[in-house]
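The values are calculated or read from the model by the stated rules, or taken from the named source; none is laboratory data. From a predicted model like this one, the values you see are computed outputs, not experimental measurements. As a convention, Cβ positions derive from the backbone with ideal geometry for all residues, glycine included, and neighbour counts pool all protein chains shown.
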Amino acid sequence: MLLLLNIAQLVFYIGLLALAGQGLLYVLAGAKRDSNLVYQMFLVLNKPWTRAASWISPHKVAERHHPVVAFCVLAVLYIVVTLAKIEHCVGVGVENCR
């Protein structure tokens, strides 16, 4: 159980960092972000998260806001998995949770 929680936490953490990196480059690169190779790699890496965000968000939400929705959903999922991991470790004992 702990291994599954660790894997889920890691996947969500990588997604959060990639979305944060994309957002940072969105601001820093400005209008030239479409020709930025790193920004294009972030777009490819974050495509599953933004597709999931477009699927769960209402149609009134603009497509340019889907990465923000994905970031918020991933942040909530990361917190939920972290709390589940803490609960599991308290249940089995902290010594057995290493």
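Values as computed for the structure displayed
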item: Residue 3 vs. criteria at pLDDT below 95 and of a type outside the set (Phe, Trp, Tyr); result: yes
item: Matching residues in region 53-83 - criterion: being assigned to a helix (DSSP H, G or I) and touching a helix residue (DSSP H, G or I) at 6+ places or on another chain (Cβ under 6 Å); result: 53, 54, 66, 67, 69, 70, 71, 74, 77, 78, 81
item: Filter result for the condition that a residue is surrounded by 15 or more Cβ atoms within 10 Å (Cβ to Cβ), over 30 Å from residue 2 (Cα atoms) and not aliphatic (A, V, I, L, M), over 66, 59; result: 66
item: Extreme residue, modelled with the lowest pLDDT, among residues of region 30-39 that are surrounded by 10 or more Cβ atoms within 10 Å (Cβ to Cβ) and under 19 Å from residue 68 (Cβ atoms); result: 33
item: Matching entry among 81, 69 (being out of contact with any Leu (no Cβ under 7 Å at 6 or more places or on another chain) and either among the β-branched types (Val, Ile, Thr) or at pLDDT 95 or above (or both)); result: 69
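Conditions tested, residue by residue: (1) under 30 Å from residue 25 (Cα atoms); (2) touching a Gly at 6+ places or on another chain (Cβ under 8 Å).
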| position | (1), (2) |
| --- | --- |
| 60 | yes, no |
| 65 | yes, no |
| 71 | yes, yes |
| 77 | yes, no |
| 95 | no, no |
